[in-house]
Amino acid sequence: MKPRISNHKTAALTLVEVLVVIVVAFVLLIIAILPLAKEKVKTMNCYSQLKAGGCAFWIWAGDNNNKFPMELSTNNGGTREWLIQGRVSEVFLVMSNELCTPRILVCPADSRTWVTNWSQFDNQHLSYFVGVDACYSTNFSDASMSKFLFGDRNLTNGAGTDKKILRLTANQTAGWTEEMHKSRGNICLANGLVLKLNNSNLRTSLQGTSLSTNRLAIP
């Protein structure tokens, strides 16, 4: 019996078809990676803004008896009373010369809009909380230097009924909302160090502030 011979040739991709498949796969990969890359850029830009803001706090303190704005009464050019009232923007307004522009006070991952004119700046054009109890020190081994100076406002699970001041303790399950950096956030400590924190790291950092309760003014 003679073997059957087929007249059909085995199908094979042409060079053009192979190139098309490669290009399509590459485009799909870019589409998948692009959102992650954008989020990374937003996080890094936020980090840089907090570093710049931390420098502004230190420069201002150097010109004001080694005190941050929230350490001084409004009678002495500070913002202590305003901050307790929830007027967080006032802290940055007194540092307008050191900050140059309010644009850097809106996190790139935040839905809030920034302004370029300080006369228009208020809590609604601000992404960052301010630590009520943060204090200046030139002694970097001082535990107070680990207090939260300012950082992303999307914190949650605080105690108390005062919506203007969030109270976080080391024993609470403090965390980040999904609002800005997807359950992550950036915080600048009183020593100028900026930390990129997930929920677990945030709770560890709270324990390192030397405070039983961390009071954070949320804009």
It is to be established whether one or more residues within region 43-63 are outside any helix (DSSP H, G or I) and modelled with pLDDT of 90 or more.
yes
Residue by residue through region 68-78, note down the ones that are part of a loop (DSSP other than H, G, I, E, B) and either touching a Ser or Thr at 6+ places or on another chain (Cβ under 8 Å) or surrounded by fewer than 18 Cβ atoms within 10 Å (Cβ to Cβ) (or both).
L72, S73, G77
Looking only at region 179-192, filter to residues that are part of a loop (DSSP other than H, G, I, E, B) and in contact (Cβ under 8 Å) with a residue 24 or more places away in the chain; which one of those is surrounded by the fewest Cβ atoms within 10 Å (Cβ to Cβ)?
K182
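So which of D110, D133, D152 is touching a residue at least 60 places away in the same chain (Cβ under 8 Å), surrounded by fewer than 22 Cβ atoms within 10 Å (Cβ to Cβ), among the acidic types (D, E) and closer than 19 Å to S48 by Cβ?
Sole residue among the options that is touching a residue at least 60 places away in the same chain (Cβ under 8 Å), surrounded by fewer than 22 Cβ atoms within 10 Å (Cβ to Cβ), among the acidic types (D, E) and closer than 19 Å to S48 by Cβ: D110.
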Conditions (1) over 16 Å from L149 (Cα atoms); (2) not in a helix (DSSP H, G or I): number failed by S119:
(2)
Tell me, which residue of region 96-107 that is part of a helix (DSSP H, G or I) and not basic (K, R) is surrounded by the fewest Cβ atoms within 10 Å (Cβ to Cβ)?
N97
Within region 159-173, is there a residue that is surrounded by 15 or more Cβ atoms within 10 Å (Cβ to Cβ), assigned to a helix (DSSP H, G or I) and touching a residue at least 12 places away in the same chain (Cβ under 8 Å)?
no
Total residues in region 57-107, condition of a type in the set (D, E) and free of Cβ contacts under 8 Å to residues at least 40 places away in the same chain
3
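The values are calculated or read from the model by the stated rules, or taken from the named source; none is laboratory data. As the structure is a prediction and not an experimental result, all values here were calculated from the model. Cβ atoms come from the backbone with ideal geometry, glycine included; neighbour counts cover every protein chain shown.
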